[in-house]
Structure formats: structure tokens, C-alpha cells
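Student: Following this message is one structure expressed as C-alpha cells.
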Amino acid sequence: MSTVAESLNLATTLVVGADPALLRVVGLSLRVSGTACLIGASAGLALGTWLAVTRFPGHGVLVWAGNTLLALPSVVVGLLVYLLLSRAGPLGELGILFTPAAMVIAQSILVVPLIAALTRRLVLDGLVEGGDQLRSLGAGRLAAGALMLLHERFGVLIIVLSAFGRAVSEVGAVMIVGGNIDGVTRVMTTTIALETSKGDLPLALALGFVLLAVVGIIYLVVGAVQGRSAVEREVLI
């Protein structure tokens, strides 16, 4: 049996047998990315809505900066958070570098531009269709934006799920600020990178299977939500 075949067999055994080490890494990954996504959604939805309904000097520059941050490499985010949380940094006294909390902060910063940009587009498109009606009922700009988020709840869910998919699959930021400490800050992506470099392919492959499954489930849900949204729109029409 080849090394690859042996590794695949062992990886399958780890997944099917619910290996404790595997479950520990997967659980931490989901908790960190889920928490980061909730925090990022709180900030990103508010920021995106605000940018959609307001106009002020420098508005275009702020929108451009937000769109530019969509391409910000995760390692840069990790470096910035590391500098803030390191012992010599302004937030060094918190003592949370190389902890899950630092990883949550890094991933939250990473997903905020994505959520804000998609939310802004969602609200703008919604206001084109129903903005006049809301304004005729006396809704202010921010109120109209907030109501549009409620109306476009399926779109909001898709945005949040997409952000979670990005968070759970990134490696650079969490590697830098988490330190990849066994049993403390190892998540799926960092463990895959470490175990592959060590030549321990079974665990890396097993985590790869789980990560692909998680991302696949996310986008299955996204597809289902999009389908439900399309049906609901047809009914309303």
C-alpha cells in the first residue's frame, strides 16, 4: 500500500472514529470563527448600512477604502493585531496574545470589510426598489436602512455565512496571533499547515476533509437560502 493510500485510510479512520484530538481542533475552529463572525457582523452590518444611506465629505474615499480592504491579506491583519497585542504594543497589558481571544479579534477585523461592502450593496439595491415607499411613510435614512436589512433577511444570512466561510478557512492571521499552540490555539487551517510540514499526513488530510465539509455545508445552505429568497420574491410579485 502506498504512503498516500495509507494516509487516506488513516485519515478516514480519524474522521469516522471521531478522534478526540481531531474534534478538539475542529471545535476550537468553529468557536473562534463563529464568535468572530458574530462580532464582525455586528460591526459590518451597521457600517454597511450607514454607508448606504448617508452622504458626507469623504464618503467616496471611505467606500473605496472599505472595498480595498476586501483584498487585504490575512497575514497583514495578523501582523497588525500582533503589534497591538504584543507586550510592547498599546494593548499588551491585556495579555491575550497567543490565545483564542486574539484569534477572534484578528478574524473579526478580517470579515468586517467583507460584510460591510456586501451589506452596503444589499441596502442600496433594496432602497432602489422600496426606498420611496419607506420615505413616504416617514422613515428616516437610518431607519429605512435598518428596515431594509429586516426585509432582506435572506441576503443578510448569505452575507454572514460567506463571512464565516472566509474566517474558518483563513490561516495567516490566526497563525501569527495564535501561535499554533497544541491544545490551546490550534485550529483546522494551522494544524493542516503544521502537520503537513511535519509529514504527518493522516491528521492533515482528516482535517482537510472536515474543513471541506464545513465549507461545503455553508455553501449548500447559501444555495438553499438563495432559492428560498427567490421563491418568496415570486410569491410577493
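Student: Work out from phi, with θ = phi - 60° and the Karplus expression 6.51 cos²θ - 1.76 cosθ + 1.60, the ³J(HN,Hα) of each residue of segment 69-74, listed in order in whole Hz, and give x for Gly and Pro.
Tutor: 5, 4, 9, 5, x, 4
Student: While we're looking at this one, here's another question. How big is the charge dipole of the chain about its Cα centre, in debye rounded to the nearest 20, if each Lys and Arg gets +1 on its Cβ and each Asp and Glu gets -1 on its Cβ?
Tutor: Magnitude of the dipole: close to 500 debye.
Student: I need the phi-derived Karplus couplings for segment 214-228: 6.51 cos²θ - 1.76 cosθ + 1.60, θ = phi - 60°, integer Hz, Gly and Pro marked x.
Tutor: Working through the residues one at a time gives 4, 5, x, 5, 4, 7, 5, 5, 4, x, 5, 5, 4, x, 5 Hz.
Student: Taking 25 Å as R0, compute the FRET efficiency from the Cβ-Cβ separation of Ile181 and Arg87 and round it to 0.05.
Tutor: In this case the efficiency is close to 0.90.
Student: Same structure, new question: With unit charges on the beta carbon (Lys/Arg positive, Asp/Glu negative), name the residue among Val63, Gly95, Ala206 whose Cα is farthest towards the positive pole of the charge dipole of segment 3-236.
Tutor: Val63
Student: While we're on this one: Rule-of-thumb check for segment 36-189: C-alpha Rg over 2.2 N^0.38 Å?
Tutor: Rounded to two decimals, the normalised Rg is 1.19.
Student: Per-residue ellipticity at 222 nm for the chain, helices alone: DSSP H runs ≥ 4 residues times -39500 (n - 2.57), over residue total, nearest 500 deg cm²/dmol?
Tutor: -27000 deg cm²/dmol
Student: Give the relative contact order (percent, whole number) for the chain; include only Cα pairs under 8 Å separated by 6+ residues.
Tutor: Relative CO of the chain lands at 31 percent.
Student: Highest GNM mean-square fluctuation, the chain, Cα pairs closer than 10 Å: which of Thr189, Thr12, Thr35?
Tutor: Checking each option, the largest mean-square fluctuation is seen for Thr12.
Student: Springs between alpha-carbon pairs under 10 angstrom, Gaussian network model over the chain: which of Ile217, Ile159, Ile176 fluctuates most?
Tutor: Comparing Ile217, Ile159, Ile176 in a Gaussian network model of the chain, the most mobile one is Ile217.
Student: Which residues make up the longest stretch of the chain that has no trypsin sites (Lys or Arg not before Pro) in a DSSP loop with at most 13 other Cβ atoms within 10 Å?
Tutor: Result, exposed sites excluded: 88-237.
Student: Now a separate question. Multiply the residue gap between Arg55 and Ala71 by 0.36 nm, knock off their C-alpha separation, and tell me the result in nm, one decimal place.
Tutor: 3.3 nm
Student: Something else about it: Could you tell me the distance between the Cα centroids of segment 65-117 and segment 143-192, to the nearest Å?
Tutor: Using only Cα atoms to place each centre, the spacing works out to 13 Å.
Student: With springs connecting C-alpha atoms under 10 Å apart, model the chain as a Gaussian network and identify which of Gly208, Gly165, Gly58 has the largest mean-square fluctuation.
Tutor: Gly58
Student: Subtract the Cα-Cα distance of Val4 and Leu220 from 0.36 nm times their separation in residues, and report this length gain in nm to one decimal.
Tutor: 74.8 nm
Each reported figure results from applying straightforward, stated rules to the coordinates on display, with no laboratory input. Keep in mind it's a predicted model, so treat the numbers as computed, not measured. For neighbour counting, all protein chains shown are included, and Cβ atoms are generated from backbone atoms with ideal geometry for every residue, glycine included.
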